[in-house]
Structure formats: C-alpha cells, structure tokens
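These notes are about the structure you will find just below.
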Amino acid sequence: MKQEKQKFEIGYGTSGNPPNFFKSKFGKKRINAVEWINSIGLNSYEYLMTYGARTRPEAAREIGEKARIFGVSLSVHAPYYIVFTSDKKGVFENSVKEMVKTLRLAEIMGAKKIIFHPGFNNSPNPVDKIVKGIKEVKKKYHGPVKILPETMGKFSQVGSVDEILEICERTGCEPCLDFGHIHARGGSLKSPEDFRKLIVKIKNKIGVKKLREVHCHFYPVEFDDKGEKRHRAYFEEDYFPKFEHFLPVIKEFNLTPTLISESRDSQDGGALYMKRMVNKLNEN
Ligand SMILES: [Zn+2]
C-alpha cells in the first residue's frame, strides 16, 4: 500500500496560506499551495474550508493530484458553521449535511482527515449532541476520511481535553490536539513536565498507537479569563506553549505526529522551526 510510506514520518505543514505564499512565485493561484509547501521543505498542508465546503470537485481533484506529485499529506479544516450543539431549527441537520459534504470533498482530494470545532456550551448536554452529530454523519459517510474533533481555546466552546477525549471515546474518533487552545484555558503548558503530564493522560485514554500519529496544531497563544484571545508568532518569546517543551515528549514516546503551524502570519516559519528543532534533536 502506497500511502503507508509516509506513516512513520513526522508531518510539518501550514494551516492555509500564509503571507509568504502570496509573496512567492506560486502565490498567484491558490491551487499551487502544495507545490509551494514542497518547495520550502514541508510535507503537510491543512486545506481550509473554514468559511464553507465550497471547493469545486474538479479543483479538489487537482489539488489532490498535486499533493501526490509533491509528496504533501493533506488534512481539511471543516467549516465553522457546522454546530451540532445548536438548538436553532435546522442547524443540526444542516451541520450533518455539511460535514458529509466536507468529508466527500476531502476524499476527492485524497485528504486523510477533517478537523472540526465541536460547538458551544450555550445549551444543555452539548457533548451528547456532538456525539449524536458525529454518529449521524457516520451513518451517511462510509469512506476512509476520519473526523477529528479539536481541543478549543475559549471556555464558551466545547473542547477541553477531557471533553474531546470523551467525544473520541464515544464515537471512535481521534482527537486533534491544538496545544495553543489547550494552553489558552488557564495556561497549563509552560514546561516539558506539563507536556509530559498531558501526553501521558491522552495516551492512557486513546492508546499509544493513535497517540503516535496524532494530529496537532501548534503556535504560541495570548489568552485572558475567557480563554483564547489571539494566536501569536512562533518567535514571540513571551508566549506559550513552546515547541521546545513538546520536543522531549516526542522523543520519549517516539511520536510521529502531524504538526500544523498556526503561528500568526508566519505559519511556514513556525512549521520550519519545528522541523529544525526535531532534526537538531535527532543529530544529538
Ligand atoms: Zn481549528
């Protein structure tokens, strides 16, 4: 099986297209993004459908072909308007429909997973509604693309580590660990020990196999008492979490995660920084 080849490599990529993409010779056409990713030494790319699953199937196919040619592994970020927790009429049904649409487009693209924001805490039993939503989607979509609920950074959102692990346990999904979001809920990731504690907890829940290839978003974050305020850039020293603190845990548990950088306006720099840090560690 061809796609097995990339499995034991760490993935480094950007979330969408940062300013440097548009400044590059590839930047005139969005369809060139994966070629640009390859040209700067990265191997992963998160395609954003955050404002709608509106990519034409032909465009999805073309992106997928380019991704195969240039050895770039794809993930898709699902639309923000997918909200299983809403009590507004029709929103749940529409969210199921849009999630299925996103999965089909991701499949055409050859993406292996879609990442989604689970919802909000403004109605009773939100976790039950999210679990129900995922189960409805799985009744309608039987393809190979996985659904990954993401840890979220605001207290008004469903998405603490415990909530995401519960959703995963009840649906068979794998988590997307957004470390910026995890830290934004009170500042829990300030040392290598903090990362180790978190990763051991997740390992005990999902098992070492799923942990090994876990999908991650990484960037430093600014937060207040409500949680996440804004993403910061990887080189801004006053902000956490720091990739240096995750590094020893990657080594200890022999992880080969996909590391998607959401560093503010510098997603490419953030991803390349993580790659350099891992390579340096492997040389020693
Ligand atoms: Zn997200």
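About its Cα centre, the dipole of the chain is roughly 940 debye, where the only charges are +1 on Lys and Arg Cβ and -1 on Asp and Glu Cβ. Only helices enter the 222 nm calculation for the chain: every DSSP H run of n ≥ 4 contributes -39,500 (n - 2.57), and dividing by all residues gives -13500 deg cm²/dmol, rounded to 500. What relative contact order, as a whole-number percentage, does the stretch 12-122 give when Cα pairs under 8 Å and 6 or more residues apart are counted? Once divided by the residue count of the stretch 12-122, the mean separation gives 26 percent.
When the solvent-accessible area of the chain is split by element, carbon and sulfur atoms take up 50 percent of it, the probe being 1.4 Å.
For the stretch 92-186, the relative contact order is 30 percent, taking Cα pairs closer than 8 Å that sit 6 or more residues apart in sequence and dividing their mean separation by the residue count.
Charge dipole (Cα centre; +1 on Lys/Arg Cβ, -1 on Asp/Glu Cβ; no other charges) of the stretch 137-224 amounts to roughly 500 debye. Distance from the C-alpha centroid of the stretch 212-261 to that of the stretch 38-99: 22 Å, rounded to the whole angstrom. Near Ala33: Cβ cut-off under 12 Å, other residues only, Lys/Arg at +1 and Asp/Glu at -1. The net charge is 0. Note on Asp128 and His142: their simple-model spin labels are 3.0 nm apart, each label 7 Å out from Cα toward Cβ.
Normalised per residue, the accessible area of the stretch 2-283 is 48 Å², obtained with a 1.4 Å probe and no contribution from ligands, DNA or RNA.
Listed peptides 74-83, 251-260, 231-240 appear in the order 74-83, 251-260, 231-240 once ranked by packing, highest mean of other Cβ atoms within 10 Å at the front.
Note on Lys25: aspartates and glutamates with a C-alpha under 17 Å away, same-chain residues under 8 apart excluded, are Glu35, Asp268.
Among Gly64, Gly270, Gly186, which one shows the highest mean-square fluctuation when the chain is modelled as a Gaussian network with alpha-carbon springs under 10 Å? Highest fluctuation among the options: Gly186.
Modelled spin-label separation between Glu252 and Ser191, with each label point placed 7 Å from Cα along the Cα-to-Cβ direction: 1.2 nm. Accessible area per residue (1.4 Å probe, heavy atoms of protein chains only) ranks Glu213, Glu283 as Glu283, Glu213, with the largest value leading.
Look at the alpha carbon pairs under 8 Å that are at least 6 residues apart: their mean separation over the length of the chain gives a relative contact order of 18 percent.
The values are calculated or read from the model by the stated rules, or taken from the named source; none is laboratory data. What you are looking at is a predicted structure, and each value in this text was computed from that prediction instead of being measured. Glycine also receives a Cβ, built like all others from the backbone with ideal geometry; neighbour counts cover every protein chain displayed. Side chains are part of the model used for accessible areas, which takes the heavy atoms of the whole protein and leaves out ligands, DNA and RNA. Shrake-Rupley method; radii C 1.70, N 1.55, O 1.52, S 1.80 Å.
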